[in-house]
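Asker: Dropping a structure here in structure tokens format, bear with me for questions.
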Amino acid sequence: MKVKLDKKYPVAASANAAWKFLQDIKSVASCMPGAEITGQSDETHFKGMVKIKVGPAVAAFKGDIEVKGIDTEKKQLILLGKGGDTKGTSSVSMLLTASIRETTDGHCELIGQAEITVNGKLASFGGRMMDSISERILQQFADNFANNVIAMGEGSGAEAAATRVAEAPKELNGLAIVWNLIADFFKKMFNRESKQS
């Protein structure tokens, strides 16, 4: 099953600061709750792991990340990630193009285009649910990315962002994501019913 995402996220910091952070693969990986770089074989090849907590159970995914390209002029990074769960029941690959674009207010935005391919048990969730789950995970990533970049600055805004970074979840909580999906479903259902009456 394939999921394509094309998203933009505001970052209340300069494009240069965001670009500097985006080029640090280990720091960028830390923006994904539960993700970490576990090894590096050369300048463009990394090993990583993502842990997802669903209630008391923890699922672990191991994989490889390859930096396919860095374009300093465009402030663009292309990554290919491939991996699978440690039990061998699911696999995921993602081609990500991330770039930084300056906005008119002197800040910037993080632009991400991703093509995610899911196989095995994870694919049984279905396309609509995978879209929603992917969006939630990317929003958490974007929030953490923005807070890390802002924290690199100075002043009270940087201090507040550093506090948010320190308090951010260190693992991906699958149960919370599913709960949010259920809540969104009921909100949409009740909104639809109230508009019809």
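Asker: If you stretched the chain out fully between Ser156 and Asp6, how much longer would it get, using 0.36 nm times the residue separation minus the C-alpha to C-alpha distance?
Answerer: Extra length available between Ser156 and Asp6 comes to 50.8 nm.
Asker: With +1 on each Lys and Arg Cβ and -1 on each Asp and Glu Cβ, and nothing else charged, work out how big the dipole of the stretch 77-123 is about its Cα centre, in Debye to the nearest 20.
Answerer: That gives a dipole near 380 debye.
Asker: Amide H to amide H, which residues 5 or more places from Ala13 or on other chains are under 5 Å from it, using H placed in the peptide plane?
Answerer: Under 5 Å from the amide H of Ala13 lie the amide H atoms of Cys108, each far enough along the sequence or on another chain.
Asker: Full-extension gain between Lys62 and Asn119, please, as 0.36 nm times their residue separation minus the C-alpha to C-alpha distance.
Answerer: Stretched fully, the Lys62-Asn119 segment lengthens by 19.1 nm.
Asker: Could you tally the net charge around Ala18, taking each other residue with its Cβ under 12 Å from the Cβ of Ala18, Lys/Arg +1 and Asp/Glu -1?
Answerer: With Lys, Arg at +1 and Asp, Glu at -1, the neighbours total 0.
Asker: I'd like the Karplus ³J(HN,Hα) series for the stretch 38-48: coefficients 6.51, -1.76, 1.60, θ = phi - 60°, whole numbers in Hz, and an x wherever there's a Gly or Pro.
Answerer: After applying 6.51 cos²θ - 1.76 cosθ + 1.60, I find 9, x, 9, 8, 7, 4, 10, 10, 10, 10, x Hz.
Read-outs: derived from the displayed coordinates by stated rules, not from any lab. Since the structure is predicted, the reported quantities are computational estimates derived from the model, not experimental observations. All Cβ positions, glycine included, derive from the backbone under ideal geometry; neighbour counts span all protein chains shown.
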